[in-house]
Amino acid sequence: MRNIIERYAELPLLLRGPLWKIWHRYIHSKDKTLGIKFLNYGYVELDYSKQLLDLQSEDEAERTCIQMYNQVIRGIDLNGKTVLEVGCGRGGGAEYLTKYKHPKSYLAADISPKVILFCNEYYKIPELSFCVANAEMLPFPDNTFDFVVNVESSRCYNNMNAFLNHVVRVLCTGGYFCFTDMRYNSDLPLLRNQFVNAGLEILEERDILPNVVAALEIDNERRKNLIVNKLPGFLESTGNEFAGIVGSKRYELFANGTMAYRTFLLRKC
């Protein structure tokens, strides 16, 4: 399993999705409480002159992961808007954006029925709902959402073009797509072309790799403790790779710049 996690980025697209679903299901089976609400690598603001994100005390432990969601909608007002998140995982980001940003409605979708069952059981915010959906076959009507959010999920998809075509379809005219994920540097031109070919205008592209590396370093001990407490010993090294623990192959791919990490703000043409 460790070799799969280490080499996940090089695996054929047809293998990435199923293998990642198996791993996510396993994580879910080991934490049936809200001990793990986020699965992203986190974000730290490196400009210390900027005001620190104001969080409630119960959210402080997962600050770096929350900040990943906060940065992807930076400069965007969700108040009173309809929002779809594709690939919501364990729902922490959906809870944060609903609780703090006050959308009219926030629908969070994931391909795993067990994860969605978990989210519907634990998150009780009137404006927030969860449903099962395949990112490449979104089952929502045309022109439904003001915003679509996608955080660190797209590299599992077999068909990125199909996903983007559905994003454009379900967005209202002039609607926004807030996207953040990792790619190899050589794959960035393809990603930009995919956005444009789908009918999305790139309003902003930001390199946040240094922010992600800093977040992994700051959050390292908390992640290590979760791995020790949630996984059996023989899977500890695999968990370290998945979580980007300092010294892991995944961390080194970020730290040495082999892997890029970008945030895009896009608008439906």
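The values are calculated or read from the model by the stated rules, or taken from the named source; none is laboratory data. Just so it is clear, the structure is predicted and the values come from calculations on it, not from any experiment. Quick reminder, even Gly has a Cβ in these numbers, built from the backbone with ideal geometry, and neighbours come from all protein chains shown. Each accessible area value is taken on the protein alone, full model and side chains, heavy atoms only, with ligands, DNA and RNA left out. Shrake-Rupley method; radii C 1.70, N 1.55, O 1.52, S 1.80 Å.
In the range 63-76 there is at least one residue that is within 19 Å of residue 223 (Cβ to Cβ), among the basic types (Lys, Arg) and modelled with pLDDT of 95 or more. Among the residues of the range 31-52, is there at least one that is at pLDDT below 60 and either within 23 Å of residue 215 (Cα to Cα) or part of a helix (DSSP H, G or I) (or both)? Yes. Residues of the range 215-233 that are under 13 Å from residue 44 (Cβ atoms) and either among the hydrophobic types (A, V, I, L, M, F, W, C) or out of contact with any Ser or Thr (no Cβ under 8 Å at 6 or more places or on another chain) (or both): 215, 216, 217, 218, 220. Here the strands (runs of 3 or more DSSP E) wholly within the range 128-231 that include at least 1 residues being open to solvent by 70 Å² or more (accessible area, probe 1.4 Å) and either touching a residue at least 60 places away in the same chain (Cβ under 8 Å) or at positive phi (or both) are 171-184, 200-207. Scan the range 249-269 for residues that are over 19 Å from residue 146 (Cα atoms) and in contact (Cβ under 8 Å) with a residue 12 or more places away in the chain and the total you get is 12.
Residues in the range 232-269 that are assigned to a loop (DSSP other than H, G, I, E, B) and either touching a His at 6+ places or on another chain (Cβ under 9 Å) or not hydrophobic (A, V, I, L, M, F, W, C) (or both): 7 in all. Could you tell me which residue of the range 121-152 is farthest from the chain's Cα centre (by Cα), considering only residues that are closer than 18 Å to residue 38 by Cβ and modelled with pLDDT of 95 or more? Step by step, filter the range 121-152, then rank; the result is 125.
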